[in-house]
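Every read-out reported here was derived from the displayed coordinates using simple, explicitly stated rules and does not represent laboratory data. None of the values given here were measured: they were computed from a predicted structure. No Cβ is skipped: glycine too gets one built from the backbone with ideal geometry, and neighbour counts run over all protein chains shown.
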Amino acid sequence: MKLLEYEAKEIFSKYGIPVPKGVLIRAPEEVMEHLAEVGDAVVMKAQVDVGGRGKAGGVLFAGGTTAVETARELFSRDIKGVPVRSILVEERLLIEHEYYVSIAVDRSSRQPVILFADAGGVEIESTASAVRRVIVSPLLRNIPPFLMRELLGDAPKELAPTINSLYRVFQEKDAMLAEINPLVTTPQGVYAADAKLIIDDNALARQGIAVNRDLSAREREAEKHGFSYVELDGSIGVIGNGAGLTMSTLDLIEYYRGRAANFLDVGGGADQERVMHAVRLVASMPGVNVIVVNLLGGITRCDEVARGIIAADVSPTVIVRMAGTNEEEGRQLLAGNGYRMLESMDAAVRAAMEVAP
């Protein structure tokens, strides 16, 4: 789950990372109550979960006399389609130099990788070739000095404590990404001018987070039932049991130049109720007019699957391929209620292609 900037900065501050003085407001008039503590020259940042916020008009500068007007203007905007509900108002820093630092998981080594660049800000993509990287063992609490020297190069050594603190945030908060862009030097010292923190969804309970805000309503419903579920952008719904079988169904749809609407793995041993919820969930997706149900019955009974499909009673066409335990009973149940059950995955997908727009 991605935290908003003000949430990430609250955590950074607790770990000793310097952040600008700031306050969160939810109405334009609130800014006047806090100018004395923040300062007359401020930067206003829309707290929206979108990338490229600055270029999209989500960051504005203001002085004391224009603060309310600027806040009102920012509250009236949609940033890449997301309305502005809150604004982080911060002191405007006297920036001498901007740097970039981020920590993520290196997939090849399965260890934290730290990236650092001598230039930060909105144009970091153009300086990617100048980014330095080091791999750090997750068993270490701090970045070893020799790796820190390699990372910083000619950059000021005063940045090292902040980078070490960011590394501890990454470890202790179960982060997938911890980033400061830009990390700036000022006459008053080093500051995290911006902050990004993404928490591993699987660790939210351990971090005391009850609700994953990144999930859509259907994703929350899928999570409640224990489905492995991913929304895509096609029109053919897909339900399978087992990640491999479900992915194979998606691949075959792509092979026949179709577009899958989702990935949904109901798991092994799915009973009638579980299948019913899965079919209704996929049927609720906009634009879905056909659903391919592709299951192999081992511990999953085909007659239970058939009853679940029938009980779902959805408007999209449901095309079924099942094989295994109680297959004949499932076939008879489906046939008696007007559903198509085909012999192979290939046949089921080709039949779906005939129905899909």
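Taking 0.36 nm per residue of sequence separation and removing the Cα-Cα distance, the Glu7/Met32 pair yields an extension gain of 6.8 nm. Each helix, a run of at least 4 DSSP H residues, gives -39500 (n - 2.57); summed and divided by the residues of the chain, these come to -9000 deg cm²/dmol at 222 nm. Prolate is the label for region 119-269. Its Cα gyration tensor axes, ordered a ≥ b ≥ c, give a/c of at least 1.5 and a/b above b/c.
Our summary of shape: the Cα atoms of region 2-123 have principal axis extents of 51, 31, 26 Å, ordered from largest down, in whole angstrom. Sequentially through region 24-38, phi angles give Karplus couplings (6.51, -1.76, 1.60; θ = phi - 60°) of 9, 10, 10, 8, x, 5, 5, 4, 5, 6, 10, 4, 4, 8, 8 Hz, Gly and Pro residues having no value and appearing as x. Annotation for region 145-254: trypsin sites (Lys or Arg not before Pro) lying in DSSP loop with at most 14 further Cβ atoms inside 10 Å of their Cβ are Arg206, Arg213.
Between Gln111 and Asp106, the built amide H atoms are under 5 Å apart, and every one of these is 5 or more places off in sequence or on another chain.
Other residues with beta-carbon under 11 Å from the beta-carbon of Ile143 carry, at +1 per Lys or Arg and -1 per Asp or Glu, a net charge of +2.
Shown here: mean projected area of the Cα convex hull in nm², derived from the displayed model; of the candidates (1) 22.5; (2) 18.3; (3) 21.5, it corresponds to (3).
Among rounded, prolate and oblate, which fits region 21-91 when a ≥ b ≥ c are the square roots of the eigenvalues of its C-alpha gyration tensor, a/c under 1.5 means rounded, and a/b larger than b/c means prolate?
prolate
The amide H of Gly297, built 1.01 Å from its N in the peptide plane, has Ala323, Gly324, Thr325 as neighbours under 5 Å, considering only residues 5 or more places off or on other chains.
Give the cross-link partners of Lys2 among the lysines, using a straight C-alpha distance below 29 Å as the criterion and excluding same-chain residues fewer than 8 apart. The reachable lysines, counting only those whose Cα sits under 29 Å from Lys2, are Lys14, Lys21, Lys45, Lys55, Lys80, Lys173, Lys196, Lys224. In order along region 70-85, phi translates into HN-Hα couplings of 5, 4, 5, 4, 5, 5, 7, 8, 9, 9, 6, x, 9, x, 8, 9 Hz, rounded to whole numbers, per the Karplus curve 6.51 cos²θ - 1.76 cosθ + 1.60 with θ = phi - 60° and x for Gly and Pro. Between Ser228, Ser108, Ser13, the residue with the greatest mean-square fluctuation in the GNM of the chain (Cα pairs under 10 Å linked by springs) is Ser108. Per-residue Karplus couplings for region 346-352, computed as 6.51 cos²θ - 1.76 cosθ + 1.60 with θ equal to phi - 60°, are listed in order as 4, 5, 5, 5, 5, 5, 5 Hz, Gly and Pro entered as x. As I understand it, the value is the acute angle between the Cα axis of helix 243-255 and the longest principal axis of the Cα atoms of the chain; what does it come to in degrees, rounded to 10? For helix 243-255, the angle is close to 90 degrees.
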